[in-house]
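First comes the structure, then the notes that go with it.
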Amino acid sequence: MSKGKSDRITYKPYEQNQPFLIPPCVDDLIPDNHLARVISKTIDGMGIEHILKEYPKGGGASRYHPVMMTKLFLYGYLTKVCSSRMLAKAVRENIVFMWLAGGQKPDFRTLNNFRKELPEGALEEIFITTVNALSEKGYIKPENYFSDGTKIESASGWYVFMPKKAVKDKGKKQSEKLRAYFRMAQDAWDGENGEYGNRDLEELGKEGKRADTDLKTLMEKLNRRLLRIKPEE
């Protein structure tokens, strides 16, 4: 060992509860050219309020803005977040979805109700129009999102997008492929609701907190397993 060097291992500070001197602004965390910004600006410029005018206004407590909800759906579908519970999870945990929602957190029931109450076919047409526009402007390549073997995730499993035959059909228009994808996403959404009913994700369940004795038992089990590992010679 050369003089002056140490074989002592040091670690960078790790403090999960370290406070920010100045709390970060969510907007500052989203790159200027991020797809979410492009989608948000596109939706704002389309003036879709007239399409959403039939979205029930109801009474009593105020409702989430339909333009914000539409942005969540579109960005979710583009990033294969195609179920009410996974979308609600993203709004709680994913900084990009948080930004799109303006910090609001619609739950899976609210997302389900919004989809049901929209004029039939409105969300699909907004999706097709937006994706085609982004494709024409070169913001996205649809084949990177909707191609053979594309998978859609939901809490109840994976749904494969389109069979090879359909994708290899050169005469198949892009809009037709997008409609097929959109309907598969809808099926994934409905399938999850059918399996979960009125329940949320397991991570938000009511099983109760793990007791300290449970953690002690786990540590003892881990130590016994580690003792069985033979050191390398």
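Points worth noting:
- Against the numbered list (1) under 21 Å from the mean Cα position of the chain (by Cα); (2) at pLDDT 90 or above; (3) aliphatic (A, V, I, L, M), residue 180 comes up short only at (2).
- The number of residues in the range 175-203 that are touching a helix residue (DSSP H, G or I) at 6+ places or on another chain (Cβ under 6 Å), surrounded by 15 or more Cβ atoms within 10 Å (Cβ to Cβ) and farther than 13 Å from residue 86 by Cα comes to 2.
- Any helices (runs of 4 or more DSSP H) falling wholly within the range 72-153 and containing at least 1 residues that are without any contact (Cβ under 8 Å) to a residue 24 or more places away in the chain: 84-93, 108-117, 122-136, 142-145
- Count of the range 189-225 residues, restricted to those that are within 27 Å of residue 152 (Cα to Cα) and modelled with pLDDT of 85 or more, is 12.
- Failed criterion for residue 13 (all others in (1) out of contact with any Asp or Glu (no Cβ under 9 Å at 6 or more places or on another chain); (2) modelled with pLDDT under 95; (3) within 27 Å of residue 190 (Cα to Cα) hold): (3)
- For residue 165, the conditions (1) modelled with pLDDT of 70 or more; (2) over 17 Å from the mean Cα position of the chain (by Cα); (3) not in a loop (DSSP other than H, G, I, E, B) all hold with the exception of (1).
The values are calculated or read from the model by the stated rules, or taken from the named source; none is laboratory data. It should be emphasised that the depicted structure is a prediction, and the values quoted were computed from it without experimental measurement. Virtual Cβ from ideal backbone geometry, glycine too; neighbours counted across all protein chains shown.
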